[in-house]
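What follows is one structure encoded as structure tokens, with my remarks underneath.
The values are calculated or read from the model by the stated rules, or taken from the named source; none is laboratory data. Given the structure is predicted, the values throughout are model-derived calculations rather than measurements. Because the Cβ atoms are built from the backbone with ideal geometry, glycine has one as well, and the counts that use them run over all protein chains shown.
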Amino acid sequence: MGVGWPMAGEDPPVPGGANKSLDREKKLHRYLSMLESGDLNARWRAADALGELGDSRAVQPLIRALDDEYVDVRWKAAKALGFLDGREPVFPLIRSLEDDSPWVRAGAAWALGKIGDPRAVEPLIRLLDDAKPRVRRMAAWALGKIGNPRAREPLVRLLGDADRDVRLAGRQALDEIGTEREIPSI
């Protein structure tokens, strides 16, 4: 009986390598199925898991989930899209900056900051006027990550915000973008 040694010039088999790929494929399909299910908990958990899995085949299903009737699913889908590499979700995420839920708006801003596409700069600048401090803070963070100089003046205005965390996020974003003039301390 043969031991199964590789032939000359062949790589030895990697223990568990094929299984990991198969497990990942099974997970992807299970999560995609869960994302389409009628169970709210399954959908938001699937959106979260698809972001962690990081497979670009989840982009379109997650974009569709941005229109889910439940806030939790939309929020998790927006954040998951920030983990996936690519520009495809930029415009759907920009649309999500106008969602009724501040959680979804903040999640979309975070994702846009992670993606770093300059097309998001103007919509994120508009978000600096949001009624919710959490949303303003995340918009400032995203603008800092994108690093576009068009955001400087709006971020300078943010230094006068009533919320301390928003002011700090504005200051940090300005530090990341850089500026030619002295910025007052906050």
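So here's what we get for this one:
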{"item": "Residue ID - surrounded by the most Cβ atoms within 10 Å (Cβ to Cβ), chosen from residues in region 123-158 that are of a type in the set (A, V, I, L, M, F, W, C) and over 18 Å from Val104 (Cβ atoms)", "result": "Leu143"}
{"item": "Asp99 being in a loop (DSSP other than H, G, I, E, B), outside the structural domain of Ala46 (by TED's automatic domain parsing), more than 10 Å from the chain's Cα centre (by Cα) and not β-branched (Val, Ile, Thr)", "result": "yes"}
{"item": "Near pairs, Cβ below 7 angstrom, 6+ apart or cross-chain, from region 137-157 (without any contact (Cβ under 8 Å) to a residue 40 or more places away in the chain and assigned to a helix (DSSP H, G or I)) to any residue that is surrounded by fewer than 18 Cβ atoms within 10 Å (Cβ to Cβ) and of a type in the set (Gly, Ala, Ser)", "result": "Lys145/Gly116; Ile146/Gly116"}
{"item": "Scope region 135-159; condition closer than 9 Å to Leu174 by Cβ and either modelled with pLDDT under 95 or basic (Lys, Arg) (or both); matching residues", "result": "Arg152"}
{"item": "Count - residues of region 87-116 that are surrounded by fewer than 18 Cβ atoms within 10 Å (Cβ to Cβ), among the acidic types (Asp, Glu) and over 17 Å from Gly51 (Cα atoms)", "result": "2"}
{"item": "Residue match in region 169-186 (condition: assigned to a loop (DSSP other than H, G, I, E, B), of a type in the set (A, V, I, L, M) and at pLDDT below 95)", "result": "yes"}
